[in-house]
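Since the structure comes first, as structure tokens, the remarks are kept for the end.
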Amino acid sequence: MRLTVLGSGSRGNALLLEAGGDALLVDAGFSFRDLLRRLGAAGRDPTAIRAIALTHEHGDHARGAAKAAAAWGVPLCASAGTLAALGDRAGAAETVTLPASRRVACSAFVLTAYPTAHDAADPVVLVVEDREGRKIGVAYDVGSPTAALRLACRELDALVLEANHDEVMLRASGYPASVRSRIAGRGGHLSNAQAAALAAEVAHAGLSVLVLAHLSDRCNTPALATGTVAAALAATAFRGTLLVAAQDEPLPTVDVGPGLGQLSLPLGGR
Ligand SMILES: [Zn+2]
Ligand SMILES: [Zn+2]
């Protein structure tokens, strides 16, 4: 399975998974035009996309979903609550409901949606499996490290994990107290320290790629996020590639699987 993070942050999230000639877009939080630009910049083929799966209905995850689904003639796959919350915003797209914690086949992929604590209608972590059994987890906007989240992140070949904010930078951010407590609260976003603890818990020798995602522009830096997570991973069996997703440009495509991970960036703090 190949993973291309097309962009991640509070202004939009999308990534592409490819296996066996088919592709799945996970989240479509950019305009349709911007999605096409990003797919082109990453050298990916939009005509291979067979479905769009959504983690939740917030604009930074679903903005371009209806238009893209209509243009490509593919279904929108999401939890019942997400589809209901999208309502008219789902447009005329065909929809596929993902029940909690049950495997649903979709072209070359099997999707499993695990509920999370984020403050959306029915948000989920998505685990996507290909026909060879490779599994990629996508954990954006997860709120807090619940038991369901930690279960979803086990035994994966790759994990895209929210590392939203540095707790010190958030306190000094100048955001009103209500915004700060929403971000740090149970239904908000994972801090670097929470992401690091979760990564250390689920890291294993078979995890070939870990992508830190949804970094706050104002309350985080790639160096802080990688430093915090790499320090926690140092005591684990993780020997894969650690990447940080950017808001404005796609990351290079990575092959996911044992001994793979075409990018080799040094782990900060090692
Ligand atoms: Zn959200
Ligand atoms: Zn978000």
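The values are calculated or read from the model by the stated rules, or taken from the named source; none is laboratory data. The structure displayed is predicted, hence computed values, not measured ones. Methodologically, a virtual Cβ is constructed for each residue, glycine included, from the backbone with ideal geometry; neighbour enumeration extends over all protein chains shown.
Quick notes on this structure:
- From 172, 148, residue being in contact with a Phe, Trp or Tyr (Cβ under 7 Å, 6 or more places away or on another chain) and over 23 Å from residue 240 (Cβ atoms): 148
- Unique residue being within 16 Å of ligand 1 (Cβ to nearest atom) and assigned to a helix (DSSP H, G or I) when the list is 89, 11: 89
- Residue 56 part of a loop (DSSP other than H, G, I, E, B), within 16 Å of ligand 1 (Cβ to nearest atom) and surrounded by 16 or more Cβ atoms within 10 Å (Cβ to Cβ): yes
- Selection status of residue 117, within 14 Å of ligand 2 (Cβ to nearest atom) and either under 20 Å from residue 244 (Cβ atoms) or among the small types (Gly, Ala, Ser) (or both): yes
- Residue 110 in contact with a Leu (Cβ under 8 Å, 6 or more places away or on another chain), β-branched (Val, Ile, Thr) and either at pLDDT 95 or above or within 16 Å of ligand 1 (Cβ to nearest atom) (or both): no
- Considering residues of segment 49-64 that are in contact (Cβ under 8 Å) with a residue 60 or more places away in the chain and not hydroxyl-bearing (Ser, Thr, Tyr) only, the residue farthest from residue 23 (Cα to Cα): 58
- A count restricted to segment 31-53 and to residues that are touching a strand residue (DSSP E or B) at 6+ places or on another chain (Cβ under 6 Å) and assigned to a loop (DSSP other than H, G, I, E, B) stands at 2.
- Residue count, segment 126-135 (criterion: farther than 16 Å from residue 96 by Cα, out of contact with any Asp or Glu (no Cβ under 7 Å at 6 or more places or on another chain) and either within 14 Å of ligand 2 (Cβ to nearest atom) or without any contact (Cβ under 8 Å) to a residue 60 or more places away in the chain (or both)): 2
- Pick from segment 15-30, criterion assigned to a loop (DSSP other than H, G, I, E, B) and small (Gly, Ala, Ser), ranking: surrounded by the most Cβ atoms within 10 Å (Cβ to Cβ): 29
- In segment 141-175, the residues that are more than 13 Å from the chain's Cα centre (by Cα) and either closer than 11 Å to residue 216 by Cβ or acidic (Asp, Glu) (or both): 155, 157, 165, 166, 167, 169, 170, 173, 175
- Flag if residue 95 is more than 16 Å from ligand 2 (Cβ to nearest atom) and of a type in the set (S, T, N, Q): yes
- Residue in segment 211-229 that is among the acidic types (Asp, Glu), closer than 20 Å to residue 246 by Cβ and surrounded by 24 or more Cβ atoms within 10 Å (Cβ to Cβ) present: no
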